[in-house]
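Enquirer: Have a look at this one.
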Amino acid sequence: MAHFARVNSEGIVSHVIVVSNEDMLDENGEESEAVGIAFLDNLYPDETDTWIQTSYNTRSGKHQYDGSALRGNFCGIGYIYDSEKDVFYEPSPHPSWVLNNETFEWEAPIAHELGCTWDEDNQVWQKPEKPAENPSFIWHGDLGTWGPPVPLNVENQPIGTMTYTWDEDTVAWVKPNPPAPSWGWNDSGWWEAPTPYPDPTKHFDWDEGTLSWVEVGP
């Protein structure tokens, strides 16, 4: 299958249409953009816009499967067709951004910061607001998010850290509450009953009064 964009006189894409490979074959049995365009002109004889092929597998100036890139990017409605460069690209998101002539993507005047949004008025990347309920949180630039000042899963952290929750009062990671008072914390990092689950093919509930599993049904 091939894709063709309908481009108006201002270079704006208004539609993207799929054309069967069979409808693009020339006299030699090879796919031809010109044949595809002629097929669409015949299918839509009243259209005055231009049909231009666009590649579904082309992104950021490269073919996704090591094929030949076609016109910079697979386009969508509202994309711009630049006839001088013979490429498609999105409209500029901000007046200060510059088009990269290799990827045909818009870039800010300064390097992107993960998790931030562009502030055109001040020409900077703005972090999101820190969660009001977590005053201890710090900005983690490598993750692009606010998070606890104490990292997870590092040396000297307790086993099962990934199941811990952050406690703002103590500014520390804490274990979640146990399902029952008698349960203990196991080496896998989770709560475990004093006795093993009897049969994984059946349904049991824990009875804290008798410290045993009680079968409740099939």
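The values are calculated or read from the model by the stated rules, or taken from the named source; none is laboratory data. Computed from a predicted structure; not experimentally measured. Note that each Cβ is placed from the backbone with ideal geometry, even for glycine, and that neighbours are counted across all protein chains shown.
Enquirer: Taking the condition of being among the small types (Gly, Ala, Ser) and within 15 Å of Val16 (Cβ to Cβ), how many residues in region 59-98 meet it?
Expert: Summing the residues that are among the small types (Gly, Ala, Ser) and within 15 Å of Val16 (Cβ to Cβ) in region 59-98 gives 3.
Enquirer: Here's something else I'd like to know. When only residues in region 206-215 that are in contact (Cβ under 8 Å) with a residue 12 or more places away in the chain and over 43 Å from the mean Cα position of the chain (by Cα) count, which is nearest to Pro149 (Cα to Cα)? Steps first, answer last, please.
Expert: Within region 206-215, the first condition is being in contact (Cβ under 8 Å) with a residue 12 or more places away in the chain, and the residues that meet it are 206, 208, 211-213, 215.
From the residues that got through so far, the ones that are over 43 Å from the mean Cα position of the chain (by Cα) too are 208, 211-213, 215.
Working: Glu208: 37, Leu211: 39, Ser212: 40, Trp213: 40, Glu215: 44 Å.
Here the answer is Glu208.
Enquirer: Residues that are farther than 21 Å from Asp86 by Cβ and among the small types (Gly, Ala, Ser): which strands (runs of 3 or more DSSP E) entirely in region 1-62 hold 2 or more of them?
Expert: Strands (runs of 3 or more DSSP E) meeting the threshold: none at all.
Enquirer: Name, by its number, the condition in (1) closer than 27 Å to Trp125 by Cβ; (2) assigned by TED's automatic domain parsing to the domain that holds Glu10 that does not hold for Ser55.
Expert: The single condition Ser55 does not satisfy is (1).
Enquirer: I need the full set of residues from region 178-205 which are more than 22 Å from Tyr164 (Cβ to Cβ) and either within 42 Å of the chain's Cα centre (by Cα) or assigned to a strand (DSSP E or B) (or both), in order please.
Expert: The answer is Pro196, Tyr197, Asp199, Pro200, Thr201, Lys202, His203, Phe204, Asp205.
Enquirer: When the residues of region 174-195 are narrowed to those that are modelled with pLDDT of 95 or more and not hydrophobic (A, V, I, L, M, F, W, C), which ends up surrounded by the most Cβ atoms within 10 Å (Cβ to Cβ)? It would help to see each step written out before you state the result.
Expert: Start the filter on region 174-195 by keeping residues that are modelled with pLDDT of 95 or more, which leaves 180-183, 193-195.
Those still in the list that are not hydrophobic (A, V, I, L, M, F, W, C) too: 181-182, 194-195.
On the way: Pro181: 7, Ser182: 13, Pro194: 11, Thr195: 11.
Among residues in region 174-195 that are modelled with pLDDT of 95 or more and not hydrophobic (A, V, I, L, M, F, W, C), the one surrounded by the most Cβ atoms within 10 Å (Cβ to Cβ) is Ser182.
Enquirer: Taking only region 164-182 into account, find how many residues are touching an Asp or Glu at 6+ places or on another chain (Cβ under 8 Å), closer than 30 Å to Gly147 by Cβ and in contact (Cβ under 8 Å) with a residue 12 or more places away in the chain.
Expert: Within region 164-182, residues that are touching an Asp or Glu at 6+ places or on another chain (Cβ under 8 Å), closer than 30 Å to Gly147 by Cβ and in contact (Cβ under 8 Å) with a residue 12 or more places away in the chain number 2.
Enquirer: Say we look at region 63-95 and pick out the residues that are touching a residue at least 40 places away in the same chain (Cβ under 8 Å) and assigned to a strand (DSSP E or B); which of these is farthest from the chain's Cα centre (by Cα)? Full working, then the answer.
Expert: Taking region 63-95 and keeping what is touching a residue at least 40 places away in the same chain (Cβ under 8 Å), we get 74-83, 88.
From what is left, the residues that are assigned to a strand (DSSP E or B) are 80-82, 88.
Details: Ile80: 23, Tyr81: 25, Asp82: 27, Phe88: 22 Å.
Filtering first and then ranking leaves Asp82.
Enquirer: Looking at region 114-147, which of its residues are without any contact (Cβ under 8 Å) to a residue 24 or more places away in the chain, closer than 30 Å to Thr170 by Cβ and of a type in the set (D, E, K, R)?
Expert: Lys127, Glu129, Lys130
Enquirer: Here's a follow-up. Can you tell me which residues in region 53-101 are closer than 22 Å to Glu31 by Cβ, among the aromatic types (Phe, Trp, Tyr) and surrounded by fewer than 18 Cβ atoms within 10 Å (Cβ to Cβ)?
Expert: Listed by number, the residues that qualify are Tyr56, Tyr65.
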